[in-house]
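The values are calculated or read from the model by the stated rules, or taken from the named source; none is laboratory data. Here the structure is a predicted model, which means the values were calculated and not measured. Virtual Cβ from ideal backbone geometry, glycine too; neighbours counted across all protein chains shown.
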Amino acid sequence: MENAELLQLAIAGLKNGSIYALLALGFTIVYAATNVINFAQGEFFMLGGMFAVFAFKTLGLPLIAAVPLAVVAVTGVGVLFEVLAIRPRRDGDQMSLVIITVGGSLVLSSLARHLFGSDALPLPEFTPGPSLAFAGAAIERQTLWIWGLVLIAVVALTMLYSRTRLGRAMRACMQNREAARLMGIDTGRVVMISFALAAMLGALAGVAVTPLTSTRFDIGAGIAVKGFAAAILGGLGNPIAAVAGGLLLGLIEQAVIPFSSTLKDVVAIVVLLSVLFVRPQGLFIRERKEKT
Amino acid sequence: MLSVQGLVAGYSAAAVVDGISVAVSAGEMVTLVGANGAGKSTLLKAIAGAIPVRAGLVSIDGEDVTNVPAHRRVGKGIVLVPEGRMLFAGMSVDENLTLGAHLRTGPAARRAVAEDRERVFGLFPVLAERRRQAAGTLSGGEQQMLAIGRAMMSAPRVLLLDEPSLGLAPKVIGEIFSALDVLRDSGLGMVLVEQDARLALRHACRGYVVRTGRVALEGPAEELLDNDDVRLIYLGAWHETKG
Ligand SMILES: Nc1ncnc2c1ncn2[C@@H]1O[C@H](COP(=O)(O)OP(=O)(O)OP(=O)(O)O)[C@@H](O)[C@H]1O
Ligand SMILES: [Mg+2]
């Protein structure tokens with residue numbers, strides 16, 4: 001294979017991988033606060049695209065307003081989801097919480113179907129125009145948007161975690177929730193903020209990718225599997241590792257394409273299972289986090 | 001200052017703490033001794049708000065805090081140094097201390113927090129040498145010092161200590177207890193739960209003997225040290241004479 005072709009595959013891998021990274025971050029953030037895998041994460045992604053299409057097409061807002069509005073609205077959905085579905089059972093066992101998120105995911109996608117129909121809905125590119133040439137490969141403009149947004153999200157999240165009081169409290173909850181509570185941290189609030197952040201990141205991924213793929217009420221589950229696989233690949237609980245896991249999964253998928261393009265969607269599941277069997281702590285985490 | 005009256009708490013239907021009353025004033029250390037499973041840790045957790053109180057009253061300086069959630073009870077001046085230390089293992093010594101002061105925000109508090117940090121380092125100089133080290137990599141003694149230091153960062157009025165000597169060498173235990181003496185003399189109230197009843201009763205003013213969720217006996221520490229029943233059961237005095 002030629003270099004340009006390889007480069008083209010790498011670009012596609014990093015584009016999809018960035019999307020997986022945002023979803024993986026959502027899984028990781030909620031897991032860190034609750035020890036629960038939030039299977040509704042993919043619905044935040046779907047709703048991001050849906051709300052953007054609704055604001056753009058139905059409300060007639062310009063994209064520059066429709067996109068942020070969609071992200072904010074889905075963040076609100078994340079908060080509502082936590083308050084209505086998670087909070088009442090917060091002290092329940094993990095399994096029932098996981099089942100609640102699965103149920104929540106079904107409810108959200110059914111609602112979306114009811115509200116927005118079952119057709120695939122397109123959204124224009126943020127900045128339409130011809131692809132850019134780069135060393136013999138082509139980069140779609142929207143891909144640059146995706147990378148830019150992912151970069152901003154990761155930098156902002158890193159600042160939040162490392163520089164702010166809230167971020168420190170969130171990391172403390174990650175390490176030892178009981179101790180965090182004893183130090184005066186309102187762990188209930190941290191859980192709510194975690195859902196808000198996860199919803200925001202999912203929505204961001206959804207709006208960024210919809211111009212390339214369009215959106216439909218039932219795309220949440222499929223993307224959730226990929227985001228989850230990326231999170232597990234990175235090792236649940238560490239945001240940076242989640243991003244690395246997402247990018248790596250995107251690249252692995254592209255590496256499979258030359259052999260069989262139909263296998264691409266199985267990659268995530270294979271990766272997921274292999275990691276769970278061989279290295280359950282993830283690739284980028286040396287030991288399981290210790291509980292003191 | 002801290003007053004606990006008729007406190008009932010537990011995990012399932014049966015009450016583990018079944019009507020215990022304890023009082024501590026500023027600058028006083030009281031100790032709870034009793035066999036494994038007597039309910040000492042449960043009592044401290046209930047006072048700190050980590051588990052719900054089923055009946056009874058917890059108040060500090062006359063303010064009823066019985067139903068104040070754990071994360072706000074710290075702001076009332078009650079802080080628990082839990083059994084097993086519960087440090088933020090992956091975070092540095094400095095960050096653990098900062099988290100202890102989580103509720104003290106605003107420009108006015110910043111200076112006081114900085115001073116308290118220096119005070120903790122004064123009390124436990126080894127922590128100052130290891131400021132950047134992850135808490136999980138500290139030795140057992142250093143971890144216990146950090147757990148106490150972290151609690152002190154909340155500027156408490158009452159410190160609840162659950163077995164601070166557990167698993168530590170005598171020399172380190174000595175260092176920790178002299179630090180506790182200093183804190184007590186500076187006006188802090190303390191409720192100390194200890195396996196080593198002799199050690200605890202030597203440092204405390206008063207003691208409570210807890211048996212299956214109730215106070216079986218209470219009194220000045222010297223009296224309990226001399227009490228034949230206590231010596232027999234909790235001090236292992238069968239083999240030794242009072243030293
Ligand atoms: N989280 C929990 N869930 C259910 N039961 C518990 C829990 N923690 C403690 N218990 C039970 O409550 C009783 C009292 O336990 P507690 O830890 O208060 O005893 P203790 O006096 O601190 O003992 P030790 O000296 O061994 O620390 C025990 O029977 C214990 O099994
Ligand atoms: Mg105990």
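Details
- 2 or more residues buried (at least 17 other Cβ atoms within 10 Å of the Cβ) and at pLDDT 95 or above: qualifying helices (runs of 4 or more DSSP H) within region B:157-237: B:170-185
- Of the candidates B:P69, B:P52, the single residue that is over 15 Å from the mean Cα position of the chain (by Cα) and within 14 Å of ligand 1 (Cβ to nearest atom) is B:P52.
- Taken over region B:153-175, the residue count meeting the criterion of being of a type in the set (V, I, T) and closer than 14 Å to B:V193 by Cβ is 1.
Results for (1) in a helix (DSSP H, G or I); (2) within 15 Å of ligand 1 (Cβ to nearest atom); (3) buried (at least 18 other Cβ atoms within 10 Å of the Cβ), shown as yes or no for each residue.
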residue: B:K45; (1), (2), (3): yes, yes, yes
residue: B:A89; (1), (2), (3): no, no, yes
residue: B:T105; (1), (2), (3): no, no, no
residue: B:A109; (1), (2), (3): yes, no, no
residue: B:A114; (1), (2), (3): yes, no, no
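- The number of residues in region B:143-153 that are touching a Leu at 6+ places or on another chain (Cβ under 7 Å) and either within 16 Å of ligand 1 (Cβ to nearest atom) or closer than 29 Å to B:G37 by Cβ (or both) comes to 7.
- Given (1) buried (at least 16 other Cβ atoms within 10 Å of the Cβ); (2) over 23 Å from B:G49 (Cβ atoms), number of the condition A:A156 does not satisfy: (1)
- Pairing residues of region A:179-198 that are within 7 Å of chain B (Cβ to nearest Cβ) with residues that are aromatic (F, W, Y), at Cβ distances under 8 Å and at least 6 apart in sequence or on separate chains, gives A:A179/B:F88.
- Picking from residues in region B:158-199 that are within 14 Å of chain A (Cβ to nearest Cβ) and closer than 27 Å to B:E115 by Cα, the one that is nearest to ligand 2 (Cβ to nearest atom) is B:D162.
- Those residues of region B:28-44 which are under 10 Å from B:G207 (Cβ atoms) and among the polar types (S, T, N, Q), in sequence order: B:T31
- Restricting A:A221, A:A180, A:A231 to residues that are assigned to a helix (DSSP H, G or I), in contact with a helix residue (DSSP H, G or I) (Cβ under 6 Å, 6 or more places away or on another chain), modelled with pLDDT of 95 or more and among the hydrophobic types (A, V, I, L, M, F, W, C) narrows the list to A:A180.
- Hits in region B:200-212 (condition: within 14 Å of ligand 2 (Cβ to nearest atom) and under 14 Å from B:L161 (Cα atoms)): B:A200
- Of residues in region B:91-103 being buried (at least 19 other Cβ atoms within 10 Å of the Cβ) and part of a loop (DSSP other than H, G, I, E, B), the one farthest from ligand 1 (Cβ to nearest atom): B:A101
- Subset of region B:52-84 [assigned to a loop (DSSP other than H, G, I, E, B) and away from ligand 2 (no atom under 13 Å from the Cβ)]: B:P52, B:V53, B:R54, B:D61, B:G62, B:V65, B:T66, B:N67, B:V68, B:P69, B:G77
Each row is one residue, and each column tells you yes or no for (1) at pLDDT below 95; (2) farther than 20 Å from B:V120 by Cβ; (3) within 13 Å of ligand 2 (Cβ to nearest atom); (4) within 13 Å of chain A (Cβ to nearest Cβ).
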residue: B:S21; (1), (2), (3), (4): no, yes, no, no
residue: B:I47; (1), (2), (3), (4): no, yes, no, yes
residue: B:F88; (1), (2), (3), (4): no, no, no, yes
residue: B:S92; (1), (2), (3), (4): no, no, no, yes
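- Scanning region A:176-189 for residues that are farther than 18 Å from B:I148 by Cα and of a type outside the set (D, E, K, R) turns up A:T187, A:G188.
- Count of region B:103-146 residues which are under 20 Å from A:A172 (Cα atoms), of a type in the set (V, I, T) and either at pLDDT 95 or above or in contact with a strand residue (DSSP E or B) (Cβ under 6 Å, 6 or more places away or on another chain) (or both): 2
- B:G10 under 16 Å from B:E194 (Cβ atoms), in contact with a strand residue (DSSP E or B) (Cβ under 8 Å, 6 or more places away or on another chain) and within 16 Å of ligand 2 (Cβ to nearest atom): no
- Leading residue by the ranking (farthest from B:T212 (Cα to Cα)) among those in region B:23-42 that are under 13 Å from the mean Cα position of the chain (by Cα) and more than 7 Å from ligand 1 (Cβ to nearest atom): B:E28
- Looking across region B:55-86, the residues that are of a type in the set (A, V, I, L, M, F, W, C) and within 11 Å of another protein chain (Cβ to nearest Cβ) come down to B:A70, B:V74, B:I78, B:V79, B:L80, B:V81, B:M86.
- Here B:S41 fulfils each of the conditions (1) surrounded by fewer than 24 Cβ atoms within 10 Å (Cβ to Cβ); (2) within 16 Å of ligand 2 (Cβ to nearest atom); (3) over 24 Å from B:R184 (Cα atoms) apart from (3).
- Looking across region A:34-64, just one residue is of a type in the set (G, A, S), surrounded by fewer than 24 Cβ atoms within 10 Å (Cβ to Cβ) and in contact with a helix residue (DSSP H, G or I) (Cβ under 7 Å, 6 or more places away or on another chain), and that is A:A55.
- Filtering region A:57-108 to residues that are among the aliphatic types (A, V, I, L, M) and more than 25 Å from A:A120 (Cβ to Cβ) leaves A:V79, A:L80, A:V83, A:L84, A:A85, A:I86, A:M95, A:L97, A:V98, A:I99, A:I100.
- Of everything in region A:167-207 that is closer than 17 Å to B:S92 by Cα and aliphatic (A, V, I, L, M), the residue that is surrounded by the fewest Cβ atoms within 10 Å (Cβ to Cβ) is A:A169.
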